[in-house]
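Here the structure comes first, spelled out in structure tokens, and everything after it is commentary.
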Amino acid sequence: MYNSTAPKRTQVAIVGAGPAGLLLGQLLHRAGIDAVIVERQSADYVLGRIRAGVLEQVTMDLLDEAGVGRRMHQEGLLHAGFDMLFKGQRHRIDLNHLTGGQQVMVYGQTEVTRDLMDARQAIGLTTIYEAQDVSIDDFDSQLPCVRWRKDGQMHELRCDFIAGCDGFHGICRASVPAGAITEYEKVYPFGWLGLLADTRPVHHELIYVNSARGFALCSQRSQTRSRYYLQVPLSDRVEQWSDTAFWDELRLRLDPQAAEHLDTGPSLEKSIAPLRSFVAEPMRFGRLLLAGDAAHIVPPTGAKGLNLAATDVKYLAQAFCQFYQEHSTAGVDHYSDRCLRRVWRAERFSWWFTSLMHRFPDSGEMGQKLQEAELDYLFHSQAALQSVAENYVGLPLGFGESAALG
Ligand code: APR
Ligand code: PHB
């Protein structure tokens with residue numbers, strides 16, 4: 001029902017209908033810029049992916065600006081802090097107090113995606129779902145193109161720009177000539193086993209757990225739906241983990257009070273995700289501009305992925321507005337540098353938080369002791385707590401940028 005007839009020319013061709021592509025489409029529509037989205041999967045498939053669900057203020061503001069914030073404000077849960085559990089003791093990170101009044105919104109990425117899809121469909125904007133063999137070409141010229149096959153027919157869409165919002169495994173970054181791109185990558189020696197259940201969350205805020213048995217996270221989607229994660233070896237398969245085994249292991253990683261209050265039930269979804277830090281530089285090649293997971297991945301500790309994608313898209317929409325409304329290429333020219341400052345800061349925080357909270361198989365006794373000392377320092381230093389809090393709620397837009405780029 002989300003499909004429509006394929007056009008031949010547009011201003012911006014967006015590859016990928018994840019949160020990045022859909023949000024860009026919405027912002028461009030509001031600016032009067034014509035865009036078509038081409039997506040490999042079906043809408044239902046896109047909505048079936050379960051991902052993190054913590055929105056920074058910058059992301060909330062952007063969803064409002066895109067006109068899709070109504071349900072988020074009604075159903076999302078504002079959190080003024082979170083707990084960190086270490087050696088059986090919980091320490092609250094009071095985000096509100098430490099950042100001068102800021103908080104985060106707990107609202108699942110699936111819901112953000114659904115709101116964006118519904119808004120796009122209500123306006124009647126073109127999204128080509130289930131496009132096969134998508135390819136891009138001529139992005140070093142003034143008239144790039146996107147091609148795909150659907151229902152046995154080939155289609156070609158010419159455009160002024162291609163926005164590569166097709167995630168980590170997409171074709172946009174892969175289409176850039178070798179040598180024009182530098183990739184930085186770190187793969188962590190464990191994964192996260194996630195479980196979604198219609199049970200009451202164990203705590204009204206999130207609990208990040210560093211236990212001798214490995215990391216755990218108690219998160220939530222609503223007051224009746226919980227999301228939990230366990231650090232597991234990369235060799236584990238999800239079939240090895242019955243629901244009972246998951247709940248038993250989670251209980252062992254919690255403090256006695258949380259373990260006692262843990263409400264268990266059948267899983268709605270269970271999956272294992274690897275953890276990766278990844279950045280591709282630059283994020284622009286001629287008239288191809290990458291945004292979101294197509295350009296960078298963070299490990300999920302701290303939930304920065306969606307927020308980073310959202311700020312890329314904000315800068316990208318601004319760049320296109322400058323191009324079409326002010327006939328200036330300055331925004332497009334600065335796009336990559338502007339994004340990458342923010343990307344590397346979020347990469348640093350996500351790597352640091354991951355390193356602090358997980359058990360690393362090869363860290364040895366020295367590494368373990370240093371991690372414990374770092375946590376001890378954190379819980380007793382106002383400066384360290386403030387640093388965690390300001391990164392968790394998200395650095396303000398333009399943080400550290402020169403006035404020329406701001
Ligand atoms: N052609 C068209 N679409 C494609 C192709 C292709 N060859 N390859 C991938 N896609 C689609 C995927 O099916 C997906 O719907 O691109 C979309 C990319 O969406 P996401 O992977 O969700 O990436 P993004 O929109 O950048 O969202 C970033 O998602 O993974 C999380 O942590 C991340 O929260 C962050 C957010
Ligand atoms: C989630 O709710 O899925 C979630 C929350 C916080 C994180 C990661 C994931 O840091």
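The values are calculated or read from the model by the stated rules, or taken from the named source; none is laboratory data. Remember, predicted model here, so these are calculated numbers, not experimental data. So basically every Cβ, Gly included, is an ideal-geometry build from the backbone, and we count neighbours across all protein chains shown. Heavy atoms of the whole protein, side chains included, go into the accessibility calculation; ligands, DNA and RNA do not. Shrake-Rupley method; radii C 1.70, N 1.55, O 1.52, S 1.80 Å.
Key figures for this structure:
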| quantity | calculated |
| --- | --- |
| All Cα pairs of segment 35-87, percent lying beyond 13 Å | 75 |
| Largest-first principal axis extents, alpha carbons of segment 134-235, Å | 54, 33, 25 |
| Packing-based ranking, highest mean first, of 328-336, 17-25 given that Cβ atoms within 10 Å are counted | 17-25, 328-336 |
| Whole-number Å³ per residue for the convex hull built on Cα positions in the chain | 150 |
| Tilt relative to the chain, helix 243-253 - C-alpha long axis, 0 to 90 degrees, to 10 | 60 |
| Degrees between helix 109-123 axis and first principal axis of the chain (Cα, 0 to 90, nearest 10) | 30 |
| Student exercise, the chain dipole from Lys, Arg, Asp, Glu Cβ charges, in Debye to nearest 20 | 160 |
| Three semi-axes of the equivalent ellipsoid, segment 305-356, Cα gyration tensor, whole Å, largest first | 29, 10, 4 |
| Environment charge of Lys8, counting only residues whose C-beta is closer than 15 Å and scoring Lys/Arg +1, Asp/Glu -1 | -1 |
| Protection proxy ranking, peptides 295-302, 373-380, average beta carbon neighbours within 10 Å, highest first | 295-302, 373-380 |
| For segment 43-106 and segment 196-246, distance of Cα centres in Å | 18 |
| Residue-span extension gain [Gln153 to Ala383] - 0.36 nm each, minus C-alpha spacing | 76.8 nm |
| Cα pair count fraction exceeding 18 Å, expressed as % - segment 105-147 | 55 |
| Net charge of neighbours whose Cβ lies under 10 Å from the Cβ of Leu230, counting Lys and Arg as +1 and Asp and Glu as -1 | 0 |
| For segment 29-172: Kirkwood Rh in Å [reciprocal of mean 1/r, alpha carbons] | 18.2 |
| For segment 351-401, diffusion coefficient by Stokes-Einstein and Kirkwood Rh (Cα), 37 °C, 0.692 mPa s, µm²/s | 263 |
| Protection-proxy order for peptides 65-75, 110-120, 272-282, each taking the mean of Cβ atoms within 10 Å per residue, highest first | 110-120, 272-282, 65-75 |
| Rg over Rh [alpha-carbon atoms, Kirkwood Rh] for segment 128-191 | 1.06 |
| Residue-count net charge about Asp137 - beta-carbon cut-off 14 Å; Lys, Arg +1, Asp, Glu -1 | -1 |
| 0 to 90° range, to nearest 10: angle between helix 364-380 axis and the chain longest Cα axis | 90 |
| Length-normalised contact order of the chain in % [C-alpha pairs under 8 Å, at least 6 apart] | 19 |
| Accessible solvent surface per residue of segment 58-122, calculated while the other protein chains remain in place, 1.4 angstrom probe, Å² | 41 |
| The chain, accessible surface, carbon-and-sulfur percent (1.4 angstrom probe) | 50 |
| Enclosed volume per residue, in Å³, of the convex hull spanned by Cα atoms of segment 209-280 | 128 |
| Cross-link pairs Lys186/Lys304; Lys150/Lys304; Lys87/Lys369; Lys8/Lys150 - those with Cα-Cα distance over 24 Å | Lys150/Lys304 |
| Prolate/oblate/rounded label for segment 1-66 (Cα gyration tensor, a/c 1.5) | oblate |
